[in-house]
């Protein structure tokens, strides 16, 4: 018998979820995926629940996906952008959130550049906190939608071989994916230039590779990450052209493999750098399914956390 409640009141990171939590989120997302493919896409599940989206870093896809998920559930939505707020005038994170909570907000979806900002909030305010990305630490809903998309394509992920390619060092997606996939029984290899692989990442139980071809020959799924130039304060490789030549995934490389690899990318895609257009748009790619599944998974998370309030 599966539990119908999460073991936590917040989604701070995949690290804090149990395997049962993951399965409950996926089962709930399955139901919501049916909902968003109906002619009438709204359900009243979060009517009278107010959700504040607080984005202290730029975001397009994640913010729109959350907002759509909230509106599909009939929640009242407040959007807050730090670039046009009192944060610019020196207001603290706690002051900002307390001001928003005084407007009787029930849930906070937040992206923040400081790792651990969500833990701090969860200890100080009475609202469900959802981590939409904290620095280079975690991005739990991205990992959930990635695993949900893999599960849809491959079935049970136990024993499946998943490769994460690219800028592992600056990626919050990589860490959340590693935690999530390992909980689901998958094997994980990270691949990229030595300068973009964190020093002690093998201590998490992942394999480390610097050879894209060997990694693609090994894996069932390749989740390809972009180079996060905005987080890089020094040069980690000679040029984008050089990176693309040695670590980019192109159609000729994919076609030369013995087996067909499922291609994923959390976006935004730097076409022609880590992945070519003919790979991103190929039949092997499930990138657009990831985007669709993001709304269903985020609906599931919002719905299940709202249930913790009752």
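FYI, it's all coordinate maths here, none of it is from the lab. Not measured: the values here are computed from a predicted model. Cβ sites come from the backbone with ideal geometry, for glycine too, and all protein chains shown count toward neighbours.
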* Rounded to the nearest 500, what is the chain's calculated 222 nm mean residue ellipticity when only DSSP H runs of at least 4 contribute -39500 (n - 2.57) each, over all residues? -> -11500 deg cm²/dmol
* Structure fact -> Helix 172-183: inclination vs the chain longest Cα principal axis, degrees, rounded to 10, gives 90 degrees
* How would you rank 171-177, 248-254, highest first, on the average number of other Cβ atoms within 10 Å across their residues? -> 171-177, 248-254
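Taking 0.36 nm per residue of sequence separation and subtracting the Cα-Cα distance, how much length would be gained by fully extending the chain between residue 250 and residue 99, in nm to one decimal?
Between residue 250 and residue 99, full extension yields 49.5 nm more.
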* Cα convex hull of the range 7-84 - mean projected area over all directions, nm² -> 6.3 nm²
* Any chance you could run the full-extension gain for residue 240 through residue 257? It's 0.36 nm times the residue separation minus the Cα-Cα distance, nm to one decimal. => 3.7 nm
* Structure fact -> Stretched fully, the stretch from residue 152 through residue 282 gains (0.36 nm per residue minus C-alpha distance, one decimal, in nm) 45.0 nm
* May I ask for the angle, rounded to the nearest 10°, between helix 61-72 and the longest principal axis of the chain, with both axes built from Cα atoms and the value confined to 0 to 90°? => 40 degrees
* Tilt of helix 19-36 relative to the longest C-alpha principal axis of the chain, in degrees (0 to 90, nearest 10)? -> 80 degrees
* Working from the alpha-carbon coordinates of the range 140-286, get Rg over Rh, Rh being the Kirkwood radius. => 0.93
* Projected label distance in nm at residue 310 and residue 48, using a 7 Å step from Cα toward the beta-carbon -> 1.1 nm
